[in-house]
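Student: Here it is, the structure in full.
The values are calculated or read from the model by the stated rules, or taken from the named source; none is laboratory data. On a predicted model such as this, the values are computed, not experimentally measured, just so you know. We place every Cβ from the backbone using ideal geometry, glycine too, and count neighbours over all the protein chains shown.
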Amino acid sequence: MTGPEPARTPEVGAAPTGDDDAYRSEAVDDLVARIVAEEVAELRRGFASGAEYALTRGGSAREQMLHRLECASIESHLDRPSRWTEPHRRRLASDPDYRLPLPDLITRQAARDLPGVRSCRVCWPNPTGGEPRPLRRLSARSLGPQHVGHVLARPDGEPIGTIVRWGARTGADLFGIEHDEIEIVTSTGVETVGPDDHVTIWDLPTDEQAIRRKAQLVQRFAGDDRAAG
Ligand SMILES: [Zn+2]
């Protein structure tokens with residue numbers, strides 16, 4: 001007769017204990033450095049081929065997501081050295097073939113040809129040019145400094161102009177009755193609304209943010225090889 005099942009079942013994914021610090025070794029450092037160099041080279045090739053979009057991968061095809069290359073939410077995916085954190089290095093120490101998902105940098109045409117891939121809600125990739133812009137409604141009195149540079153729009157999304165500044169003032173209506181008003185100065189003119197009225201903006205990064213990010217990408221992926229990574 002046998003006893004109860006032994007308690008020595010291997011624990012998959014259990015945290016290593018004791019002397020298991022192989023992931024700190026020089027060998028792992030060298031391997032990570034080599035992998036990062038390969039990853040950066042791959043990203044640079046994509047960038048050089050005229051990529052405007054990045055396709056990030058998760059564990060399954062459903063977790064794929066399309067971004068504009070300058071999207072803030074993929075910045076960390078493109079910073080390869082910082083991706084190789086301790087848990088990943090530990091896994092690499094036990095499996096030298098282990099790799100982290102690398103985003104595909106792809107052209108607009110390639111992005112258009114992707115079947116049914118999800119689009120990021122931050123950067124609105126819109127490779128076909130036909131998808132409705134993400135809009136945000138807010139009360140005029142809650143406009144803040146962060147809205148400068150955003151596009152002010154009609155409720156249906158039709159652009160009015162880029163917000164330059166705004167200010168509160170008191171105006172009189174046709175009957176001479178005074179009301180608080182907010183004047184929003186845009187690149188195309190002035191919109192006057194009540195403080196409690198709702199305004200609509202394009203809920204997207206501003207041109208200025210996108211240009212700054214693009215310049216960073218050029219520096220990272222198109223500059224001197226030795227500056228990469
Ligand atoms: Zn995005």
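Student: Based on this model, can you work out whether Thr162 counts as more than 16 Å from the ligand (Cβ to nearest atom) and outside any loop (DSSP other than H, G, I, E, B)?
Tutor: Taking the combined requirement at face value, the residue satisfies it.
Student: Can you give me the number of residues within the range 151-184 that are closer than 25 Å to Glu208 by Cα and not hydrophobic (A, V, I, L, M, F, W, C)?
Tutor: 11
Student: Against the definition (more than 18 Å from Glu86 (Cα to Cα) and modelled with pLDDT under 95), how does Thr17 come out, yes or no?
Tutor: No, not satisfied.
Student: So in the range 199-219, with the set limited to residues that are touching a strand residue (DSSP E or B) at 6+ places or on another chain (Cβ under 8 Å) and of a type in the set (Asp, Glu), which one is farthest from Glu131 (Cα to Cα)?
Tutor: Within the range 199-219, the match that is farthest from Glu131 (Cα to Cα) is Asp207.
Student: Also, I was wondering about something else. Pairs needed: first member in the range 112-127, over 16 Å from Pro205 (Cα atoms) and without any contact (Cβ under 8 Å) to a residue 40 or more places away in the chain; second member anywhere, more than 8 Å from the ligand (Cβ to nearest atom) and not basic (Lys, Arg); C-beta distance under 6 Å; at least 6 residues apart or different chains.
Tutor: Every condition considered, the pairs that remain are Arg112/Pro127; Arg112/Thr128.
Student: Assess whether Ala210 counts as being of a type in the set (A, V, I, L, M, F, W, C), without any contact (Cβ under 8 Å) to a residue 24 or more places away in the chain and under 21 Å from Gly149 (Cα atoms).
Tutor: In short, no.
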